[in-house]
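Take a look at the structure set out below.
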Amino acid sequence: MQEQNWIILKSPAFEAGTATIGRAFSCSDLLNNAFVDYHTSNDELKSIASFLVISNLETASANVELLWQQYNQLTRHCFELRDGDVLVGAFIWLQPKNQSVDALVSGMKLSQVINIAGLQDSKSNNKTKLVVNLTALGLNTREISKLLHLTTRGVDYHIEQAKRKLGANNKANLVFKANQYGWI
């Protein structure tokens, strides 16, 4: 079986077990959405996914296009992820240019397309990992709080939780250890 390359962008309402594939849309419409987290099929796609999450910050959209250029041999197919009538995320499927996307049908459960076992972490752990990831991207506490709709104290809480969990002394050490443990 051919390796699958995909990115899932998640809103706060995302639940892996109930998400279904929705309509296809232009990948340029991904920018300026309220995505707060992501999952990827492989580590190489994490940088693109991170920038798509923070794309409502002005500097991120140019970086996204630069990162996509390394995948120019693949075609991007973007689909809504829905839970009933609610938009809960986006699914980006990357595949060789000569293949069609017929395998995806609107209304299919996400679990029919990919293995969702790793997508069902605890919500607080996901939020903490996301705060660490955004910190690693260089965002400050205020920017992270605005993006994730948290107070600055809430962001500080997640940073402290991550530092405690990973045994880090400061933010730089936290980012290093988070990278070692596969958080970012």
Listed by first then second residue, the pairs whose first member lies in the stretch 1-16 and is in the same structural domain as F91 (by TED's automatic domain parsing), whose partner is modelled with pLDDT of 85 or more and exposed (fewer than 14 other Cβ atoms within 10 Å of the Cβ), with beta carbons under 8 Å and at least 6 positions apart or on separate chains, are P12/H149; A13/V86
Scanning the stretch 22-54 for residues that are aliphatic (A, V, I, L, M) and at pLDDT 80 or above, the one farthest from A136 (Cα to Cα) turns out to be A24
Picked from the stretch 18-42 (must be touching a residue at least 24 places away in the same chain (Cβ under 8 Å), part of a helix (DSSP H, G or I) and out of contact with any Ser or Thr (no Cβ under 9 Å at 6 or more places or on another chain)), the residue farthest from W93 (Cα to Cα) is D29
The condition of being exposed (fewer than 13 other Cβ atoms within 10 Å of the Cβ) and of a type outside the set (S, T, N, Q) holds, among H149, H158, only for H149
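Yes or no, residue by residue, for (1) outside any helix (DSSP H, G or I); (2) at pLDDT below 85; (3) over 26 Å from Q73 (Cβ atoms):
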site: S100; (1), (2), (3): yes, yes, no
site: Q112; (1), (2), (3): no, yes, yes
site: N125; (1), (2), (3): no, yes, yes
site: T128; (1), (2), (3): no, no, yes
site: N133; (1), (2), (3): no, no, yes
site: E143; (1), (2), (3): no, no, yes
site: Y157; (1), (2), (3): no, no, yes
Residue pairs qualifying under the 7 Å Cβ cut-off, at least six apart or on distinct chains, with the first in the stretch 103-121 being surrounded by 12 or more Cβ atoms within 10 Å (Cβ to Cβ) and the second being part of a helix (DSSP H, G or I) and at pLDDT 75 or above, are L104/V113; I116/L110
Over the stretch 70-94, the set of residues among the aliphatic types (A, V, I, L, M), surrounded by fewer than 18 Cβ atoms within 10 Å (Cβ to Cβ) and either touching a Phe, Trp or Tyr at 6+ places or on another chain (Cβ under 8 Å) or over 18 Å from N33 (Cα atoms) (or both) is L74
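The values are calculated or read from the model by the stated rules, or taken from the named source; none is laboratory data. Source: prediction; values computed, not measured. Reconstructed Cβ throughout: ideal geometry from the backbone, glycine too, with neighbour counts over all protein chains shown.
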